[in-house]
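Visitor: Got a structure here, written out as structure tokens. Questions coming.
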Amino acid sequence: MTAFMAAAPPGDRILPRIIQGGMGVAISDWSLANAVARRGGLGVVSGTILEVVMARRLQLGDPGGHVRRALDHFPFRTAAQRIVDTYYEPAGGNGDPRQLKNVRTFTIDPDLQLQELTVAANFVEVFLAKEGHDGPVGINYLRKIELPIPFSIYGAMLAGVDYVIVGAGNPKEMPRLITDLANHEEVRLPLRVQGLKSQDDDVEIRFDPADVHGGTPPPISRPAFLAIVASTDLAVALAAMADPPDGFVIEEPSAGGHNAPPRGPRRTDELGQPVYDERDEVNLAEFRRLGLPFWLAGSYGTPSGLSRALQEGAAGVLVGTAFAFCEESGLVADLKRAIAQQVLDGTVEVRSDWRASPTGFPFRIVQLDGTLSENTVYEDRRRVCDLGALRTPYKTESGSIGYRCPAEPLRAYSEIKGGRAANTDGRLCLCNGLLATAGLAQYRARAGYEEPALVTAGSDFGGVRELMQRVGSGDSLYSAADVIDYLSAGC
Ligand SMILES: Cc1cc2nc3c(=O)[nH]c(=O)nc-3n(C[C@H](O)[C@H](O)[C@H](O)COP(=O)(O)O)c2cc1C
């Protein structure tokens, strides 16, 4: 046990004081989570579209050989070989290395190869995050990106993930699903389909681990499950279930990435940003009464944030922004440095945009030239939907299930798929934008440009500023260990 862990259950688990938050896409990658876990925090990898992330890393020559090394340990050998054969391109190989082969988009009925790829990609990320130390590692998923969830969690569990942490939606099915997957049982996850009446609401994502292991799978143990919540009501309902979560992350509205919308009638400021008030405050006394451990997130990334959280009865804090700008994160180095310098100069600006994310949740965007926060960059990008992680299933006129995303081309969304045209206004392709932010941009050969990046962060840069002041300038960055050491002064 390290100084940064508190000795308390669930089970015999030692609770981390500092959780490094899941940050997608591939910002909290295995390298960040590994560095955090080595220093005594809970390192959390992002589980968002890892099947695409891994395929792209392989196509980009698999620098360091990390993906292939992890795949060597993947228990299902034929699948591992097939993945390497399909995607791996040696650096300096044939063709334009910038033009990346896409993986198939998820539907309710993914083919076996996509299932294998997803299981393997989640295995690889957790395997690498856990490699070389015995600290705990978690994985983060968004409930809204539901089609890959069972396959993804199974892969992470095969690599021994210690925590599964799910936000952006109600994760009530997760505890049972995780227990069943630990027993290699078939699982079903109800799928929300627009246009289906509730009595027909029996559409399910089905995953049978036997389809991918095809024999005797290795034993796996059940990770703890933490639900990310922004409201007391949801936590109370989840805690009352027969299979409750093992704890909660309470995320306040200043957190990076997606935020829960304000409660009550829609309220915005002059820039169209959501306005939060006392209705959005969670009742911590109620959380203490629930008796499950909880962590506070959103502007807790300072020593005083940690000590405040501990005084409130929290097991600790979950921190995103301070880790996003450290040396080991997956954010492209030039973007990291440019923003770190803005922080030092006092010019950094983050806007909460209610239109940007196809999910409909407010999404925080750092204002940075050359990225999608700039109007001209947004307008110059040709709409294309080739990754489709945020597509919503809907009932088509013929009764089948279709998939649409309000960030896809207008004609496809509204004329062909019957979506409301107004719903496409201001939407950003988070799939392509966030992959670019992690150095995995698609190159559009015909149009001759690379997909532009899009940086998200929380609105509180207090911790980043203090850490950067110690470093001096945006030319160098602090490390994940520096963040842990800095925060732990608040224990
Ligand atoms: C770059 C970035 C990406 C994020 N992506 C995700 C995500 O994919 N899933 C998630 O649950 N939270 C995401 N978050 C939120 C963090 O996990 C965390 O809750 C939040 O950043 C905490 O607030 P803080 O930034 O003030 O420390 C992201 C945050 C950042 C800064």
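Visitor: Report whether or not ARG98 is under 30 Å from TYR449 (Cα atoms) and either away from the ligand (no atom under 16 Å from the Cβ) or out of contact with any strand residue (DSSP E or B) (no Cβ under 9 Å at 6 or more places or on another chain) (or both).
Guide: Yes, satisfied.
Matching residues to (1) aromatic (Phe, Trp, Tyr); (2) more than 16 Å from the ligand (Cβ to nearest atom):
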site: ALA453; (1), (2): no, no
site: PHE461; (1), (2): yes, no
site: GLY472; (1), (2): no, yes
site: ASP475; (1), (2): no, yes
site: VAL483; (1), (2): no, no
site: SER488; (1), (2): no, no
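Visitor: Would you pick out the residues in the range 364-395 that are within 16 Å of the ligand (Cβ to nearest atom) and either hydroxyl-bearing (Ser, Thr, Tyr) or not in a loop (DSSP other than H, G, I, E, B) (or both)?
Guide: The answer is ARG364, ILE365, VAL366, THR371, SER373.
Visitor: Can you name every residue in the range 321-340 that is charged (D, E, K, R), more than 13 Å from the ligand (Cβ to nearest atom) and closer than 17 Å to THR371 by Cα?
Guide: ASP334, ARG337, listed by residue number.
Visitor: A further question on this structure: Would you tally the residues in the range 33-73 being in a helix (DSSP H, G or I), small (Gly, Ala, Ser) and in contact with a helix residue (DSSP H, G or I) (Cβ under 6 Å, 6 or more places away or on another chain)?
Guide: Adding up the residues that qualify gives 4.
Visitor: Also, quick follow-up: Has the range 344-361 got at least one residue that is within 17 Å of GLY472 (Cβ to Cβ) and out of contact with any helix residue (DSSP H, G or I) (no Cβ under 9 Å at 6 or more places or on another chain)?
Guide: Yes, the range 344-361 contains a residue that is within 17 Å of GLY472 (Cβ to Cβ) and out of contact with any helix residue (DSSP H, G or I) (no Cβ under 9 Å at 6 or more places or on another chain).
Visitor: Right, next: Report every pair of residues separated by at least 6 positions or lying on different chains whose Cβ atoms are under 7 Å apart, first residue within the range 299-321 and on the phi > 0 side of the Ramachandran plot, second within 8 Å of the ligand (Cβ to nearest atom) and at pLDDT below 95.
Guide: Hits for this filter: SER299/GLU252; SER299/SER254.
Visitor: Given (1) within 18 Å of LEU434 (Cα to Cα); (2) among the hydrophobic types (A, V, I, L, M, F, W, C); (3) within 16 Å of the ligand (Cβ to nearest atom), where does VAL343 come up short, assuming only one miss?
Guide: For VAL343, the exception is condition (1).
Visitor: Among the residues of the range 220-230, count how many are within 20 Å of the chain's Cα centre (by Cα) and more than 15 Å from the ligand (Cβ to nearest atom).
Guide: Counting residues in the range 220-230 that are within 20 Å of the chain's Cα centre (by Cα) and more than 15 Å from the ligand (Cβ to nearest atom) gives 2.
Visitor: I've got another one for you. Could you tell me whether any residue of the range 276-298 is within 16 Å of the ligand (Cβ to nearest atom), within 15 Å of GLU466 (Cβ to Cβ) and part of a loop (DSSP other than H, G, I, E, B)?
Guide: Scanning the range 276-298 turns up no residue that is within 16 Å of the ligand (Cβ to nearest atom), within 15 Å of GLU466 (Cβ to Cβ) and part of a loop (DSSP other than H, G, I, E, B).
Visitor: When the residues of the range 231-263 are narrowed to those that are among the hydrophobic types (A, V, I, L, M, F, W, C) and over 15 Å from LEU290 (Cα atoms), which ends up nearest to the ligand (Cβ to nearest atom)?
Guide: ALA255
Visitor: If you don't mind, another one. Restricting the first residue to the range 121-137 and requiring it to be modelled with pLDDT under 95, which pairs with a second residue that is crowded, with 24+ Cβ neighbours inside 10 Å meet a Cβ separation below 8 Å and a spacing of at least six or different chains?
Guide: Filtered contacts from the range 121-137: no entries.
The values are calculated or read from the model by the stated rules, or taken from the named source; none is laboratory data. Computed from a predicted structure; not experimentally measured. Glycine gets a Cβ as well: all are built from the backbone with ideal geometry, and neighbour counts include every protein chain shown.
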